[in-house]
Amino acid sequence: MRLPAWLAQHLAALRALLVFTVLLGLAYPLAMVGVAQLPGLRDNARGSLVQNAAGQSVGSSLIGQAFTDAGGNPIPAYFQSRPSAAGDGYDPTATAASNLGPESIVDTLADNPDGASQSLLTQVCARSLAIGRLEGVDGSRPYCTADGVGAVLAVFHRDGLTGPVTRVVSVNQTGTPFIARYEGVPVQSAQVGVDYRAEGAVIVPVRGDAPAEPAVPADAVTASGSGLDPHISTAYARLQAPRVARERGADVRTVRALIDKNTDGRALGFMGEPGVNVLALNLALDREFPR
């Protein structure tokens, strides 16, 4: 007996569903799991987890992590990672950049903290100042104020974009402006909720007298594109060496030698810059100089 056309079509669709469920829902995933267990792939498939001397998992060699206390403060005896914009920091489920670029120099000021946000420039300035204090070096940077915000002015001209300056506002500061006068005009502090660009001001960053080559490296104050980078530059690692050596009661030359041992070279020998795996370096510290 020949089945009706509609029933034959439904049975064919059901057979196809069952076949593809077995192939793509069971066979293929199991095959990939099997391939992932091959030598050379097994470690990556398991997340490149790293264990300490006690056999405890302490992190991944491919994903960065913070070395801070419960209050979010850096633990002085450990090397610190670069900042992360992934979730609350190094969250693999929220890997992302901040989406802030070079033109992000004006903060959003608000009475409600939830409505306020820092520009990329102010984030960099604040981080550099904090790291400078932690490491005992000059944390100043070009276009940053002494109190760690972007040194940016909203300048009003008589004729719009040109002509004599009639009014100047320090857009990122509601307190005392970082400079008293600009082109002979007193500098005012910013008012919360005012968009000075919309009022016709020209936004002018002020370089200041900070050194052209800051003591705090760029990777110490900026996040990676993924927010998960486990490496820091050799410059940032060496900046931290005196502090870590002091906290560990070790010779700084020995700590620098550990930095060299845990430095990965350029990819394929010519791409990028050498980087220091922070987790590997801190584990080496714990082995050589237990706290």
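List of remarks:
- Taking strands (runs of 3 or more DSSP E) as the structural unit, those lying wholly within the range 126-222 and holding at least 2 residues that are touching a residue at least 24 places away in the same chain (Cβ under 8 Å) and crowded, with 20+ Cβ neighbours inside 10 Å correspond to 152-157.
- Flag for GLU273 being on the phi > 0 side of the Ramachandran plot, among the charged types (D, E, K, R) and touching a strand residue (DSSP E or B) at 6+ places or on another chain (Cβ under 8 Å): no
- Selection of the range 99-119 for residues being under 18 Å from the mean Cα position of the chain (by Cα) and without any contact (Cβ under 8 Å) to a residue 60 or more places away in the chain yields ASN99, LEU100, GLY101, PRO102, GLU103, SER104, SER117, GLN118, SER119.
- You will find that of VAL276, VAL221, VAL244, the residue that is aliphatic (A, V, I, L, M), under 22 Å from SER140 (Cβ atoms) and modelled with pLDDT of 95 or more is VAL221 and no other.
- If you check ALA210, ALA223, ALA201 for being aliphatic (A, V, I, L, M), in contact with a Ser or Thr (Cβ under 7 Å, 6 or more places away or on another chain) and over 19 Å from PRO74 (Cα atoms), only one passes: ALA210.
- Verdict on GLN123 being outside the structural domain of LEU62 (by TED's automatic domain parsing), under 30 Å from LEU62 (Cβ atoms) and surrounded by 15 or more Cβ atoms within 10 Å (Cβ to Cβ): yes
- Scanning the range 56-71 finds one or more residues that are exposed (fewer than 14 other Cβ atoms within 10 Å of the Cβ), among the hydrophobic types (A, V, I, L, M, F, W, C) and more than 13 Å from the chain's Cα centre (by Cα).
The values are calculated or read from the model by the stated rules, or taken from the named source; none is laboratory data. It should be emphasised that the depicted structure is a prediction, and the values quoted were computed from it without experimental measurement. With ideal geometry, Cβ positions are generated from the backbone for all residues, glycine too; neighbour counts draw on all protein chains shown.
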